[in-house]
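Here's the structure we're looking at; comments come further down.
The values are calculated or read from the model by the stated rules, or taken from the named source; none is laboratory data. Just so you know, these numbers come straight off a predicted model, no measurement behind them. Cβ: placed from backbone, ideal geometry, glycine included. Neighbour counts: every protein chain shown. Note: areas computed on protein heavy atoms with side chains; ligands, DNA, RNA excluded. Shrake-Rupley method; radii C 1.70, N 1.55, O 1.52, S 1.80 Å.
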Amino acid sequence: MSAATLFLTLPAQAQATSESEARLAPVTVTAQRVEEDLQDVPVSITVVDGAKLNNLKAGGADVRFLSARVPSVVAESSFGRAFPRFYIRGIGNTDFDLNASQPVSLVYDGVPYESPILKGFPVFDLENIEVLRGPQGTLFGRNTPGGIIKFDSAKPVHEFDAYARAAYGNYNTVTAEGAVNLPIFEDQLALRVSGLYQDREPYVDNGFTGQKDRYEGFEEVAGRAQLLFTPLNTDFEALLNVHARTNDGDARLFRANIIQQGNKGLGPNFDRDTVFYDGQNFLSQDTHGVTLTLSKGLTDSIEAVYVFGNEHATIASRGDIDGGYGAVFLGAGNFGPGNIPFPVETSGAVDALHQTTHELRFAFDDGGPLRAQTGVFFFDEQVSITSKNFDSFTPGNPETSRASRALDTESVGIFASLSYDLTDTVTISGGARWTDDEKEFRATGDNRSLGDEQVSWDASISWQATENVNTYAKVAKGFRGPTIQQRFGAPSQADSETLISYEAGVKTELMEDRVRLNTAVYFLEFEGQQLTIVGGLDNSVSLFNADKSEGYGFEVDLEAAPVENLLVTGGLSYNKTEFKDDLIIAPGCGAPCTILDPAVFDNMNNLLGYNISGNSFPNAPEWIANVTARYAIPFGDGEFYGFTDWAYKSEVNFFLYDSVEFGQEGYWEGGLRLGYEAASGWGVSVFARNILDEEALEGAIDFNNLTGFVNEPRTYGIEVNWQY
């Protein structure tokens, strides 16, 4: 059955049902640090919650399930579940090293998770996920030129509440999630404890050693305890959040020569169930932290909020990077699969990471035309990293080289924003943040200091054209501070990048609240965009700045309840990105690929690299589309239901240079769930993810051979759930 047929089946069943109760509920967001209706916020936002969220993360999925499920959003990783890389409107960073700086910030319960190894914290017991596109530096932390993805946990309440979900699927995948909310002292003290367990047995064989079912397993355990204190007869509130995660299993599987020279995408030699490794492969990760949020009404119109965050993390990972065994210089029959010029086995470890944040802000709202916020933000991070190379040919795989470095980052921000109602239908808003970023880099024989201070800002105007139509226009400046990177060679640096974004949108509620349709168009311009050369000539990264880059596009978000018991959502985005310098030189591939960019030579006819001017940003598809549909048939004291979701992203290029081989053509992935929900709170369902078993490249290694890594396989299972 085709994707289109699966999608159309559910809506077609609903045409004869009554329309009397088909309505959309309002959506509340905190995109501007206060609770507002989604339709009133002058920002391009998508909210993921409820049934959609539960279905997208079925079958043991990690946070990368958001990729292409939201307009303009892509997520991928060469580090597996531990280290997601997010891109919004094409803006992201392909850097795989453990102190990589990313222009998309993840904010979890009010705390920005800046380190890449914090960003993969599992998704469970959430109120919702908000995706805010475009620069968000005025009100949210650091490094947000691309936007933010905001996760808000379900908070304790002063009444008993509980839920549990458990699933079993193929590959012996077990998933269990649940929470219990306990009122301890009536209306004063409440406790909410929630947890997640995910386990999948390995299913990929090692064809070199003959070991069966060796790779692609994982075990993930995460928990959160929240204590809410609201003393009687006061407007004070304290929320303590303690959370932790352990993640053990396999590192990303790099697969040698699954790409065929002269062709894009997976070649005929790809076998999802087999690799040929002569090296080790594992990953172990631990994180824990605490968040304290205090709020107090100082007057009837002024509220103070303080958010403290402290995060700790360690990670160790080792992988067979060449994706095969042996090497060409050992002679015929002693290497494979395909051509293996030289062996590469490396490990990376964050020996210690400590992140501490403080934010104090004041909000003013007296019910009049003026609303305001102001505050200060402090960020401190210390991270120490060790990278190693290994000899694959010597028994015991001895270490051949080691590189250790430490990076301390301190950042201070002072911010303010104002909104003023010029009339009953017109509101103007503006804000600014002064940021001072300072970094201290330490490595053997090389200590460096770098930093910058800049002002980010935004200004917008909103016009409530009718009761159900709101329009806005916004201009914003984003900023990301300077960064430094090193593996085994000399450190490389990139200066600060800045971005100016112009955005306009229309938010509508139509057909008597049966349809919510929001659209936005934008144009953005980078100065000094930070770029990362990944691989090319060796297993390293190198940073530099482009002078000028541009992007433009649009987003559409749709939610509709056309008839009773049917809910449909849809998203569409177009993102055109381009490097605009006359000449930007980047190295090509060390593997035998077909580069399409013009070569650049010096006066002695030595190859300097390739001119990537005019290329799109890496991992930036022009088109992203997604759609979901849920249809229910009342039965007994509950309902039978079906839910299907589909996502599409068009062709992507993996590197700065453009080549025939290192990219992926556009493709669809879909999911389906069929089940029964009882009014008494229990339910049972069957589900499937990637139901067409689409096989696609998600990235590649280009310095040795035509190595790639791929998407998740088809998964399916049965789930039971209970809600009190």
Next item on the list: Quick one: work out the % antiparallel among DSSP beta bridges in the range 23-149, nearest 5.
Entry: 85 percent
Margin query: What distance in nm lies between label points placed 7 Å from Cα along the C-beta direction at F160 and N263?
Written below: 6.2 nm
Next item on the list: Please express the Cα-Cα pair-distance distribution P(r) of the range 570-724 as a list of whole percents, one per 10 Å bin, running from 0 to the bin with the greatest distance.
Entry: 10, 26, 24, 17, 12, 8, 3, 1, 0
Notebook entry, point to check: Around F617, which amide H atoms from residues at least 5 apart in sequence, or from another chain, sit under 5 Å from its own amide H, with H modelled in the peptide plane?
Noted result: T577, E578
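If R0 is 25 Å, what FRET efficiency do you get for D300 and V521 from their C-beta distance, rounded to 0.05?
The formula returns an efficiency of 0.05 here.
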Check: Can you list the HN-Hα couplings for the range 52-63, worked out from phi with the Karplus curve (6.51, -1.76, 1.60; θ = phi - 60°), rounded to whole Hz and with x for Gly and Pro?
Finding: 4, 5, 4, 6, 5, 9, 5, x, x, 5, 9, 5
Note to self: With n ≥ 4 as the cut-off for DSSP H runs, can you work out [θ] at 222 nm for the chain, using -39500 (n - 2.57) per run divided by the number of residues, rounded to the nearest 500?
What the structure shows: -500 deg cm²/dmol
Check: Cα-based Rg (one decimal) and Dmax (whole number) for the range 81-188, in Å?
Finding: 17.1, 50
Next item on the list: Work out the FRET efficiency for N334 and D49 from their Cβ-Cβ distance, taking R0 = 60 Å, and round it to the nearest 0.05.
Entry: 0.65
Check: Once phi is turned into ³J(HN,Hα) by the Karplus curve 6.51 cos²θ - 1.76 cosθ + 1.60 with θ = phi - 60°, what whole-Hz value does each residue of the range 97-114 show in order, with x for glycine and proline?
Finding: 7, 7, 10, 4, 9, 10, x, 10, 9, 9, 10, 10, 6, x, 10, x, 9, 8
Check: Considering only protein heavy atoms, what per residue accessible area in square angstrom results for the range 447-525 with a 1.4 angstrom probe?
Finding: 43 Å²
Note to self: Considering all projection directions equally, how large on average is the shadow of the alpha-carbon convex hull of the range 137-184, in square nanometres?
What the structure shows: 6.6 nm²
Item checked: Binned Cα-Cα distances of the range 490-551, short to long, each 5 Å bin given as a whole percent -> 4, 14, 16, 12, 11, 10, 9, 7, 7, 5, 3, 1, 0
Margin query: Using only the Cα atoms of the range 517-628, what semi-axes does the equivalent ellipsoid have when each is the square root of 5 times a gyration tensor eigenvalue? Give whole Å, largest first.
Written below: 40, 16, 11
Notebook entry, point to check: Which lysines, on any chain, are close to K296 with Cα under 21 Å apart, when same-chain ones fewer than 8 places away are left out?
Noted result: K155
Checklist line | Cα-based radius of gyration of the range 462-505 once divided by 2.2 N^0.38 Å, which approximates compact folds | finding: 2.12
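What number comes out for accessible area per residue over the range 15-166 if the probe is 1.4 Å? Units Å², please.
Here the per-residue accessible area is 23 Å².
Considering only protein heavy atoms and a probe of 1.4 Å, how much of the accessible area of the range 41-140 is carbon and sulfur, as a whole percent? Display every interim value, and only then the final one.
Working: 590 of 1270 Å².
For the range 41-140, the apolar C and S fraction of the accessible surface comes to 46 percent.
If you roll a 1.4 Å probe over the heavy atoms of the protein chains, what accessible area per residue do you get for the range 216-340, in Å²? Don't skip to the answer; put the middle values down first.
Numbers: 5020 Å² over 125 residues.
Dividing the accessible area of the range 216-340 by its residue count gives 40 Å².
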Check: Dividing the Cα radius of gyration by the Kirkwood radius, what Rg/Rh value follows for the range 312-443?
Finding: 1.33
Note to self: I'd like the distance between the alpha-carbon centres of the range 572-611 and the range 425-480, rounded to an integer number of Å.
What the structure shows: 31 Å
Notebook entry, point to check: Taking H as built 1.01 Å from N, whose amide H comes closer than 5 Å to the amide H of L126, not counting residues under 5 places away?
Noted result: A154
Check: What relative contact order, as a whole-number percentage, does the range 308-384 give when Cα pairs under 8 Å and 6 or more residues apart are counted?
Finding: 32 percent
Check: Expressed as a rounded percentage, what relative contact order does the chain have, with Cα pairs under 8 Å and six or more residues apart?
Finding: 13 percent
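Largest first and in whole Å, what are the equivalent-ellipsoid semi-axes of the chain based on the Cα gyration tensor, each being the root of 5 times an eigenvalue? Numbers along the way, then the final one.
Values: eigenvalues 316, 195, 139 Å².
Over the Cα atoms of the chain, the semi-axes work out to 40, 31, 26 Å.
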Note to self: Can you give the FRET efficiency to the nearest 0.05 for F378 and D187, using r as the Cβ-Cβ distance and R₀ = 51 Å?
What the structure shows: 0.95
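Taking the range 664-698, which chymotrypsin sites (Phe, Trp or Tyr not before Pro) meet the DSSP loop condition and have no more than 16 other C-beta atoms within 10 Å? Could you put the intermediate results ahead of the total?
Values: sites: Y667, W668, Y676, W682, F687; in loops: none.
Answer in residue order: no site qualifies.
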Margin query: Need one number: the % of Cα-Cα pairs in the range 392-508 sitting beyond the 22 Å mark.
Written below: 58 percent
Notebook entry, point to check: Considering only protein heavy atoms and a 1.4 Å probe, what is the carbon-and-sulfur percentage of the accessible area of the range 217-344?
Noted result: 58 percent
Check: Applying the Karplus parametrisation 6.51 cos²θ - 1.76 cosθ + 1.60 with θ = phi - 60° to the phi angles of the range 267-279, what ³J(HN,Hα) value in whole Hz is obtained for each residue in order, glycine and proline being reported as x?
Finding: x, x, 8, 6, 10, 4, 9, 9, 10, 10, 10, 10, x
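How large is the Kirkwood hydrodynamic radius of the range 656-724, in angstrom, based on all distinct alpha carbon pairs?
15.1 Å
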Next item on the list: Quick one: which residues, 5 or more positions from D250 or on another chain, have an amide H under 5 Å from its amide H? H modelled 1.01 Å from N in the peptide plane, none for Pro or chain starts.
Entry: E216, G217, L283
Check: So which of K119/K439; K150/K649; K57/K119; K477/K507; K57/K649; K57/K548 end up more than 26 Å apart, counting from Cα to Cα?
Finding: K57/K548
Check: Counting only protein heavy atoms, what percent of the accessible surface of the range 510-550 is carbon or sulfur at a 1.4 Å probe?
Finding: 54 percent
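Based on the Kirkwood radius over alpha-carbon pairs, what value in µm²/s does the Stokes-Einstein equation return for the translational diffusion coefficient of the range 218-320 at 25 °C and 0.890 mPa s? Kindly include the intermediate steps, with their values, before the conclusion.
Values: Rh = 18.3 Å.
Once the numbers are plugged in, D ends up at 134 µm²/s.
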Checklist line | Net charge over other residues, Cβ less than 11 angstrom from the Cβ of E345 (K, R count +1; D, E count -1) | finding: -3
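What percent does the relative contact order of the range 46-133 come to when contacts are Cα pairs within less than 8 Å and at least six residues apart?
Values: 127 pairs, mean separation 26.9, N = 88.
Across the range 46-133, relative contact order equals 31 percent.
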